[in-house]
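One structure coming up, written as structure tokens, with questions to follow.
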There are 2 protein chains.
Amino acid sequence: MLSSNHFDPHHSALFTDLYELTMMQAYYAEGMTAQAAFELFFRKLPKNRNYIMTAGLNEVLDYLENLRFMDAELDWLRQQGQFSEAFLQTLRDFRFTGDVHAVPEGTIVFENEPVVQIVAPIPQAQLVETYVLNQIHLQSVAATKAARVVTAAQGRNVVDFGSRRSHGTDAALKVARTSYLAGAAGTSNVAAGRLYDIPIFGTMAHSYVQAHPDEMAAFKAFTREFPETTLLVDTYDTLKGVRRVIELARQLGDDFKVKSIRLDSGDLTELARVSRQLLDEAGLAQMKILASSGLDEYKLTELLAAGAPIDGFGVGTELAVSGDAPDIDFSYKLVAYEDQPRMKLSSKKMNPPGRKQVFRIIEDGQMTRDVIAQHGETLSGEALLQPVMRNGQRLDSSRIPLTKAREHAQNQLELLPPKLTALERVEEGYPVEISAALQETTRQLQQELEQKMRE
Amino acid sequence: MLSSNHFDPHHSALFTDLYELTMMQAYYAEGMTAQAAFELFFRKLPKNRNYIMTAGLNEVLDYLENLRFMDAELDWLRQQGQFSEAFLQTLRDFRFTGDVHAVPEGTIVFENEPVVQIVAPIPQAQLVETYVLNQIHLQSVAATKAARVVTAAQGRNVVDFGSRRSHGTDAALKVARTSYLAGAAGTSNVAAGRLYDIPIFGTMAHSYVQAHPDEMAAFKAFTREFPETTLLVDTYDTLKGVRRVIELARQLGDDFKVKSIRLDSGDLTELARVSRQLLDEAGLAQMKILASSGLDEYKLTELLAAGAPIDGFGVGTELAVSGDAPDIDFSYKLVAYEDQPRMKLSSKKMNPPGRKQVFRIIEDGQMTRDVIAQHGETLSGEALLQPVMRNGQRLDSSRIPLTKAREHAQNQLELLPPKLTALERVEEGYPVEISAALQETTRQLQQELEQKMRE
């Protein structure tokens, strides 16, 4: 157990924007503690994306359940000199007591569809905005990228090699987690392997080869410790490296158990082709060829289209940072207060008010259209938002093992219309409709607000 | 204090790629524990970047100093079934005992210049690769983006609003830290404020206004709690919002202490201009205008070129993810083992071998060129790499308070040739030369390796 004054900034109640705390104090001072409903959704698909795979819910629910202000944190807030003593006293006993509905991790979603819906006294629902967005955003960016890479690999293994280039330790862990969720075979990150019980993979680095007198010495030494390993063949000259592996097989005979070689530079298609030929001719048809080196879904597609005989991919930087679309415009908006629907009027950022539900129509094994409806409406189709927390306690049904979530993600990708797996944006995206009742509520509230503005 | 079995994945010795551990075991098994030198550098500036501001060293040194394998971590490794008992026993007493040289945080660096140089027994130096790269990469990506945004703000305040869109909690904290390092006024992230002693800033959100019966009620309630606040004016109609602030000033008289308004949508130049005029006409010339809403260095440059009377900027997503250049090709390469220079031959990724030093020539208050030299060479100019850790212990000189590092970063930006502050890549970048001695060593080793390849 942690002492109550250990400051863990990654899970602290202080992991929030300052304005959440000032608004909280104001709400309490005004006695505004009625139920508010906030919804988290994105408005526009990022560049090159036809769908988003959501993730991050498990982390969010754990956070909400354990959210506390520690004494040392309150002391620090007091020292900042801008908070009232009454407010700080309120925070001492703070607990998140709200209800949460959400779409399960691994679910595919589209523009304007609520992914997480929080109903709680408004100061509570306001406080958690920053953390909830931070985690759903990161993990959905990463899961979506991974889903694209896994799809492009056409059944071949994808392993997350991205930890060195991900944006920090949390991103490295979550990229490992969501890559696995989206169908990757595993990760190179050992801490993620332990934390999430994900298979871990590793080969060898150029430095290991370079530290030895020559490449053969390195291969021999490494296979003595790890007979079933992968040997990296491109430190000096890729094809000579492959020939050296073959020579090692000849020398070791039945003791040769090396499973694969890894190519990490040069023309991967050509090198894979010649390496495959060399291995096959040497009677090493069972050996696999793995590739890495600046890969992403675009390059995987090219390699496989060119017929490169590659059996598995280590994907690093691009999986880690999602370079072509590193962010999604997720926001967390007040949609109701005291059961009255709310909306923002200015600019073009108008969104339907009130709590919502999304119904998905599945026909012939494919998702065909979604309808965003008012909470309480019953339409045909599958309801995407499910209860996951009540009165601040996770529901048992929300504790979905990662392997189960991974099956769900796989199933979602199978339900996805094939044209939406295109790497670039398709002209006509997935149809998302607004129910008649929700359209009517939106129209009415807009009129009311415009009327008020004229007064 | 944490119990010795608390698993903190963010600072765990398991935060590493699996191959670092397998290579370690092989090194130990072979008795290869001689000193290795690894250097961390980038090969190519990312798109739109003419310089990189390095950061992350402080975190790296703390990590190295505290690196331990906990019993529960070793038990978990044992369960994976691929490590030898001898190796696991070695890890029980593992300590990082190496020496580190590095460029101070906030220093501007260019292609191929070593940023961190680690000299340690090779198993130790190998293990730490993943974490060292992860932190220097993230923090340098973020510091460089922040330096660009701060430069574009031309002396106006920049505040980090990015926590909701940064890639996870670690990135949020480090983006806050490096934004401040690079000259931002502070952050909205309260945990970062506490962790790094950075000024924290906050205004109010649309949800607060929407939860109230009308905008005026929200303004009044919020200023009662926080008289010197910033009021967000664009929830319904920006200019009506501004007029409401003016009306509040009239009603409160001398009790009106509101410091600023925030614009968060629409045509910011035009809205700022009219808002400024309205405030000035109302005798509120002392009030500031802050802006946010999808800002980055490109938009700041446009706004200020158009003469927008904006006094400060809240910058979110783009500061958080560095969307136009979310990664830098930092790598960590073996350059010497047992005092013998090492290099990789294959492909185009050739780098000069051996430990290095970088000398920077400064003339007339500007950096004019750098020379990458061999360790031990003494050339004219300022030596960038400084000793920061000896035998696994941080040197006192390496404990640089963030405010000092911020001054150094400011100084570096002043030394930078003005043309390199361009937002796009300039044709002729900063000159980085290789010393004659290093060129000769590189030529010799290349010959030796090519000779060996022919054998």
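Only one of these is farther than 28 Å from residue B:317 by Cα, in contact with a helix residue (DSSP H, G or I) (Cβ under 6 Å, 6 or more places away or on another chain) and touching a residue at least 40 places away in the same chain (Cβ under 8 Å): A:290, A:300. Name it. Spell out how you get there, then give the answer.
Values: A:290 fails: in contact with a helix residue (DSSP H, G or I) (Cβ under 6 Å, 6 or more places away or on another chain).
Sole residue among the options that is farther than 28 Å from residue B:317 by Cα, in contact with a helix residue (DSSP H, G or I) (Cβ under 6 Å, 6 or more places away or on another chain) and touching a residue at least 40 places away in the same chain (Cβ under 8 Å): A:300.
Right, next: Please determine, by comparing only the residues of region A:266-315 that are hydroxyl-bearing (Ser, Thr, Tyr) and modelled with pLDDT of 95 or more, which one is nearest to residue A:206 (Cα to Cα).
Within region A:266-315, the first condition is being hydroxyl-bearing (Ser, Thr, Tyr), and the residues that meet it are A:269, A:275, A:292-293, A:298, A:301.
Next cut, modelled with pLDDT of 95 or more only: A:269, A:275, A:292, A:298, A:301.
Values: A:269: 21, A:275: 19, A:292: 13, A:298: 26, A:301: 27 Å.
Residue satisfying both the conditions and the ranking: A:292.
May I pose another question? For residue A:366, state whether it is within 23 Å of residue A:39 (Cα to Cα) and more than 8 Å from every other protein chain (Cβ to nearest Cβ).
Here the answer is no, as residue A:366 does not meet what is asked.
Residues A:59, A:20: which one is within 13 Å of chain B (Cβ to nearest Cβ), outside any loop (DSSP other than H, G, I, E, B), within 18 Å of the chain's Cα centre (by Cα) and of a type in the set (D, E, K, R)? Let's see the steps before the verdict.
Working: A:20 fails: within 18 Å of the chain's Cα centre (by Cα).
Criteria check complete, one pass: A:59.
Here is a list of conditions, (1) surrounded by fewer than 18 Cβ atoms within 10 Å (Cβ to Cβ); (2) out of contact with any Phe, Trp or Tyr (no Cβ under 8 Å at 6 or more places or on another chain), and residue B:34 meets all of them except one; can you say which number that is?
(2)
Taking the conditions exactly as written (at pLDDT 95 or above and away from chain B (no Cβ under 11 Å)), does residue A:209 satisfy them or not? Working first, answer last.
Details: at pLDDT 95 or above: yes; away from chain B (no Cβ under 11 Å): no.
Criteria not met by residue A:209.
With the condition kept exactly as written, say whether any residue in region B:361-378 is within 27 Å of residue A:293 (Cα to Cα), in contact (Cβ under 8 Å) with a residue 24 or more places away in the chain and β-branched (Val, Ile, Thr).
Checked against the condition, which is being within 27 Å of residue A:293 (Cα to Cα), in contact (Cβ under 8 Å) with a residue 24 or more places away in the chain and β-branched (Val, Ile, Thr), region B:361-378 yields at least one hit.
Return yes when residue B:250 is outside any loop (DSSP other than H, G, I, E, B) and surrounded by 19 or more Cβ atoms within 10 Å (Cβ to Cβ) and no when it is not. Before the answer, list the steps.
Working: outside any loop (DSSP other than H, G, I, E, B): yes; surrounded by 19 or more Cβ atoms within 10 Å (Cβ to Cβ): no.
No, not satisfied.
Surrounded by fewer than 23 Cβ atoms within 10 Å (Cβ to Cβ) and of a type in the set (S, T, N, Q): does that describe residue B:269?
Details: surrounded by fewer than 23 Cβ atoms within 10 Å (Cβ to Cβ): yes; of a type in the set (S, T, N, Q): yes.
In short, yes.
While we're on this one: Out of (1) in a loop (DSSP other than H, G, I, E, B); (2) within 30 Å of residue A:213 (Cα to Cα), what's the single condition that is false for residue B:451?
(1)
Can I ask one more? Hey, among A:150, A:141, A:175, which residue is over 12 Å from the mean Cα position of the chain (by Cα) and either assigned by TED's automatic domain parsing to the domain that holds residue A:40 or not small (Gly, Ala, Ser) (or both)? Lay out the reasoning, then the answer.
Numbers: A:141 fails: over 12 Å from the mean Cα position of the chain (by Cα); A:175 fails: over 12 Å from the mean Cα position of the chain (by Cα).
Just a single option satisfies the conditions, and that option is A:150.
For region A:310-321: of the residues being more than 8 Å from chain B (Cβ to nearest Cβ) and within 16 Å of the chain's Cα centre (by Cα), which is nearest to residue B:133 (Cα to Cα)?
This residue is A:316.
I've got another one for you. Any idea which of (1) in contact with a Phe, Trp or Tyr (Cβ under 8 Å, 6 or more places away or on another chain); (2) within 23 Å of residue A:391 (Cβ to Cβ); (3) more than 13 Å from every other protein chain (Cβ to nearest Cβ) is the one residue A:99 doesn't satisfy?
Of (1) in contact with a Phe, Trp or Tyr (Cβ under 8 Å, 6 or more places away or on another chain); (2) within 23 Å of residue A:391 (Cβ to Cβ); (3) more than 13 Å from every other protein chain (Cβ to nearest Cβ), only one is false for residue A:99: (1).
Is it true that residue A:385 is aliphatic (A, V, I, L, M), within 30 Å of residue A:195 (Cα to Cα), assigned by TED's automatic domain parsing to the domain that holds residue A:98 and touching a His at 6+ places or on another chain (Cβ under 6 Å)?
On the way: aliphatic (A, V, I, L, M): yes; within 30 Å of residue A:195 (Cα to Cα): yes; assigned by TED's automatic domain parsing to the domain that holds residue A:98: yes; touching a His at 6+ places or on another chain (Cβ under 6 Å): yes.
Yes: the conditions hold for residue A:385.
What helices (runs of 4 or more DSSP H) completely inside region A:105-203 contain at least 3 residues that are within 8 Å of another protein chain (Cβ to nearest Cβ)?
A:129-152, A:168-181, A:190-196
Would you pick out the residues in region A:424-448 that are in a helix (DSSP H, G or I) and surrounded by 15 or more Cβ atoms within 10 Å (Cβ to Cβ)? Walk me through it before giving the result.
We begin by selecting, within region A:424-448, every residue in a helix (DSSP H, G or I); these are A:436-448.
Result: A:438, A:441, A:442, A:445, A:446.
For region B:273-311, how many residues are in a helix (DSSP H, G or I) and of a type in the set (A, V, I, L, M, F, W, C)? If you could, list the steps in order and put the result at the bottom.
First, pick out the residues of region B:273-311 that are in a helix (DSSP H, G or I): B:273-281, B:297-305.
This time we only want the ones that are of a type in the set (A, V, I, L, M, F, W, C), so: B:274, B:278-279, B:300, B:303-305.
The qualifying residues number 7.
Can you find even one residue in region A:338-358 that is crowded, with 18+ Cβ neighbours inside 10 Å, more than 26 Å from residue B:212 (Cβ to Cβ) and assigned by TED's automatic domain parsing to the domain that holds residue A:23?
yes
Just to be sure I understand the filter: pairs with C-beta atoms under 8 Å, separated by 6 or more residues or on different chains, first member in region A:80-94 and more than 12 Å from chain B (Cβ to nearest Cβ), second member acidic (Asp, Glu). Which pairs pass?
That search, which allows pairs on different chains as well, returns A:92/A:71.
Have a look at B:6, B:10 and point out the one that is surrounded by fewer than 16 Cβ atoms within 10 Å (Cβ to Cβ) and within 9 Å of chain A (Cβ to nearest Cβ).
Working: B:10 fails: surrounded by fewer than 16 Cβ atoms within 10 Å (Cβ to Cβ).
B:6 is the lone residue from the list that is surrounded by fewer than 16 Cβ atoms within 10 Å (Cβ to Cβ) and within 9 Å of chain A (Cβ to nearest Cβ).
Anything in region A:219-231 that is outside any loop (DSSP other than H, G, I, E, B) and either of a type in the set (Val, Ile, Thr) or facing another protein chain (nearest Cβ under 9 Å) (or both)? List them, or say none.
If the condition is that a residue be outside any loop (DSSP other than H, G, I, E, B) and either of a type in the set (Val, Ile, Thr) or facing another protein chain (nearest Cβ under 9 Å) (or both), then A:221, A:222, A:223, A:224, A:225, A:230 are the ones that fit.
Just give me the residues in region A:430-452 being within 14 Å of another protein chain (Cβ to nearest Cβ), in contact (Cβ under 8 Å) with a residue 40 or more places away in the chain and either touching a Gly at 6+ places or on another chain (Cβ under 9 Å) or among the basic types (Lys, Arg) (or both), in sequence order.
Selection gives A:445 alone.
Moving to a separate point now. Residue by residue through region B:167-181, note down the ones that are under 13 Å from residue B:317 (Cα atoms) and among the β-branched types (Val, Ile, Thr).
B:175
Do we find that residue A:419 is part of a helix (DSSP H, G or I) and modelled with pLDDT of 95 or more in this structure?
For residue A:419, the condition - part of a helix (DSSP H, G or I) and modelled with pLDDT of 95 or more - is met.
Scan B:217, B:185 and give me the residue that is among the small types (Gly, Ala, Ser), out of contact with any His (no Cβ under 8 Å at 6 or more places or on another chain) and touching a residue at least 40 places away in the same chain (Cβ under 8 Å).
Answer to the check: B:185.
The values are calculated or read from the model by the stated rules, or taken from the named source; none is laboratory data. None of the values given here were measured: they were computed from a predicted structure. In this analysis, Cβ positions are derived from the backbone assuming ideal geometry, glycine residues included, and neighbour counts consider all displayed protein chains.
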